[in-house]
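The block underneath contains the structure these notes are about, expressed in structure tokens.
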Amino acid sequence: MVFNSFAFFAFFAILMLIYGFVRAEWRWIVLLLFSLAFFLSFGVKGLAFVLFTTASTYLCSLGIANRNDASQTRSRRLFLVIGLLSNFGILAFLKYFNFVAGGAAALLGKGFTPLRMIVPLGISFYTFQMMGYLIDVYRGTIEPQRNFIKLLLFATYFPQMLDGPISRYADVAPALFAPKGIEYERCRNALVLFAWGLFKKICVADNIKVYVDLIFGNYQEYAGLLILTGGIAYAIYIYADFSGCIDMARGVSAYFGIMLPKNFERPYFALSVEDFWRRWHITLSSWFRDYLFYPLQRTAWFKVIGRRLKKSGHKKAARAVPTVIATMIVWLTTGLWHGANTTFIVWGLYYGFFMTLGILKTTFYKKKPAANREVRHGRETAVKLLRMTGTFLIVCMGYIIFNSPSLANASGMFRNIFTVTHFIQPAKIFQVGNTYFKLVGRTFYFTVTVLSTLLLIVCDVLEECGVRVGEWLQKRNIVFKYVLSSALILLLLFMMNRSTGDFSYMKF
Amino acid sequence: MERTLILKKLTEIAKDVFDNDTVELTEATTAADVAEWDSLTHLSFINDIEDEFEVKLTLAEITGSRNVGELIDALISHM
């Protein structure tokens, strides 16, 4: 049962009803029961994995916390390693065994029959969440949760199961185990956020995906600008789909007074690739920063590299080289997190390359200030727009790799983009436009798609310029708000019939 | 060592690591206040601080310090 389904609406309505009448001290138990029910709606078999993950994390966290003496450092570390291996081991086996074994068999010239794997709902998200929890217990930044049932709620909390976000225990636990009662303003805002996420999903993402599939599925027939528009359309689709799901997750959770972290900050306004990854899938990149990037650079090997370069007089290289190596490792891992396919590995290394360029630029290139304030301001605006456009194009090119089923497909698309002689094909553009118009459902749905996409872009532009659109809407008169919300609800109910059931990041 | 002296040293290190002579740190300064201070340069900053003060900060202190003041607290706890 996904957020954009009538089954979920019924599920949430029943939950709201029970939650509204149950005693305060039982609210978290209600959330746990409904979280387990949500999980089971995707299949019974997956539950065994999340129970095992929670149990192993629970036991290992207690093992770490109960060994505070300095002489027990080794056994603390052992519990950490066991906990991380058991968490990550399951994820690695279920997601990567077939990929690795298949690749090894191909290298050896032997046949291989892939195992039929059950990949539980949200495994990439809750596994990382639990590993983060265990590491935080080890670091001493949090006390372990000694109530197994409460830890199970943290692992299975249903709003996060589809697409995340990946929460930190310290941030959500206080509210998760003492969720708030019904308060009109908070609950209203939560439902508005949910509706906005639903709008992004069913009015923008689902309709734009039709165009994405049209281009990606038939790229051999197109060249130049048309292929590029496929990449741009994918950028819009995945942003609307993923951020839409996150808005729905945060909206549902905010209803209970549990604020999940933001995952997006208008990513396509980024001025560089580094800036993009501070705005896109924020909880994943911050997880990798805190639990992989920083620990890697604190290891003895990295310190030795830095010290040797410093001793030989290469002070800047002493800073840059360990950072570059750690960055490439993190980006390889980020690619693999998304799935067992060489396209994801290449996609990860693609971003590792651009992040490395950024590191080298920051380390070795010093920007000269403009001569006077007027020139500086004018130049800054023009440079800002150029950087935004350049970054967006780099991201779109990355999406071509990300969304291709194979490297052969991706390279075919790149080859076709850079076919200079046929970069603009008016007849093909018209044909594609016409085909899309028919596939999306002709005039009404085409109009909804265009207007909804424009609305999403306008809202993001306003937010980026500092206008709080939500607050502005709150200040309008009651008639305006009534008409707008009625129209939105009717539109959403109408569009629900056409909505696809899946979110793009569910498969990760 | 006095906090003001530590802050002065941290400012010198910041100017060097971030390659920006105009950086001025206060105890309330956060990474968001310095354009060049991001997750990629943060560890270079920490490494130079550790070498200067001959201390080793924990990962919890490196990731958990919300501003320069908290970083100074962490440094003092190791001195």
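Toward the positive end of the charge dipole of chain A, with +1 on the Cβ of Lys and Arg and -1 on the Cβ of Asp and Glu, the farthest Cα among A:Phe88, A:Gln474, A:Phe430 is that of A:Phe88. Taking the fewest neighbouring Cβ atoms within 10 Å as the starting point, the ordered list for A:Trp196, A:Trp277, A:Trp26 is A:Trp26, A:Trp196, A:Trp277. For A:Tyr157, nonlocal amide neighbours, meaning residues 5 or more places apart or on other chains whose placed amide H falls under 5 Å from its own, do not occur.
Could you tell me which GluC sites (Glu not before Pro) in segment A:142-247 are loop residues by DSSP with no more than 13 other beta carbons within 10 angstrom of their beta carbon?
Values: sites: A:Glu183, A:Glu185, A:Glu221; in loops: A:Glu183.
Loop-located and lightly packed - A:Glu183.
Per residue of B:33-43, how many C-beta atoms from partner chains lie within 10 Å of its own C-beta, taken as a mean?
Per residue, the average neighbour count from other chains is 5.
Listed by chain and number, the lysines whose C-alpha is less than 25 Å from the C-alpha of A:Lys201, apart from same-chain residues fewer than 8 away, are A:Lys209, A:Lys262, A:Lys438, A:Lys481, A:Lys507.
When Cβ neighbours within 10 Å are restricted to other protein chains, what is their mean count per residue of peptide A:293-299? Rounded to a whole number, the mean comes out at 4.
Could you tell me which of rounded, prolate or oblate describes chain A, using a ≥ b ≥ c as the square roots of the eigenvalues of the alpha-carbon gyration tensor, with rounded for a/c under 1.5 and, failing that, prolate when a/b is larger than b/c and oblate otherwise? Verdict is rounded for chain A. Taking the fewest neighbouring Cβ atoms within 10 Å as the starting point, the ordered list for A:Arg415, A:Arg74, A:Arg319, A:Arg168 is A:Arg74, A:Arg415, A:Arg168, A:Arg319. Using the Cα centre of chain A as origin and beta-carbon charges of +1 (Lys, Arg) and -1 (Asp, Glu), tell me which of A:Ile202, A:Asn189, A:Val22 is placed farthest towards the positive end of the dipole. With unit charges placed on the Cβ atoms, the residue in question is A:Asn189. Each stretch of four or more DSSP H residues adds -39500 (n - 2.57); spread over every residue of the protein assembly as shown, this sum gives -23000 deg cm²/dmol at 222 nm.
Mean per-residue shielding of peptide B:15-28 is 1, counting Cβ atoms of other chains within 10 Å of each Cβ.
For segment A:107-158, applying the loop criterion from DSSP together with a ceiling of 14 other beta carbons within 10 Å to the chymotrypsin sites (Phe, Trp or Tyr not before Pro) yields A:Phe112.
Using the Kirkwood radius built from alpha carbon pairs, what does the Stokes-Einstein equation give as D for segment A:112-198 at 4 °C and 1.567 mPa s, in µm² per second?
On the way: Rh = 15.2 Å.
The diffusion coefficient I find is 85 µm²/s.
For a straight C-alpha distance cut-off of 15 angstrom, the aspartates and glutamates reachable from A:Lys310 (same-chain residues fewer than eight places away being disregarded) are B:Asp16, B:Asp48, B:Glu50, B:Asp51, B:Glu52.
The charge dipole of the protein assembly as shown, taken about its Cα centre with unit charges on the Cβ atoms of Lys, Arg (+1), Asp and Glu (-1) only, comes to about 820 debye. Across the cross-link table entries A:Lys361/B:Lys56; A:Lys311/B:Lys56; A:Lys311/B:Lys9, which are compared at the Cα atoms, the separations over 23 Å belong to A:Lys361/B:Lys56.
Filter chain A for me: DSSP H helices, axial length by Cα at least 18 angstrom, mean Kyte-Doolittle hydropathy not below 1.6. List them by residue number. Walk me through the intermediate numbers first.
On the way: long enough: A:6-21 (23 Å, 2.44); A:27-40 (20 Å, 2.26); A:45-65 (31 Å, 1.32); A:73-108 (43 Å, 1.14); A:123-139 (24 Å, 0.54); A:184-199 (22 Å, 0.54); A:225-255 (44 Å, 1.09); A:315-338 (36 Å, 0.67); A:342-364 (32 Å, 1.11); A:373-403 (44 Å, 0.35); A:426-440 (21 Å, 0.35); A:442-464 (33 Å, 1.24); A:478-496 (27 Å, 2.35).
Span-like helices, by this rule, are A:6-21, A:27-40, A:478-496.
Neighbour counts of other Cβ atoms within 10 Å put A:Ser253, A:Ser286, A:Ser486 in the fewest-to-most order A:Ser486, A:Ser286, A:Ser253.
Taking the Cα centre of segment A:380-477 as origin and charging only Cβ (+1 Lys, Arg; -1 Asp, Glu), how large is the dipole, in debye to the nearest 20? In total the dipole reaches around 300 debye. Taking amide H as placed 1.01 Å from N in the peptide plane, A:Met259 has no amide H partner under 5 Å among residues 5 or more places away or on another chain.
Just so you know, all these numbers are worked out from the coordinates, no wet-lab data involved. Computed from a prediction, not measured in an experiment: that's the story for all the values here. FYI the Cβ positions are ideal-geometry reconstructions off the backbone, even for glycines, and counts take in every protein chain you see.
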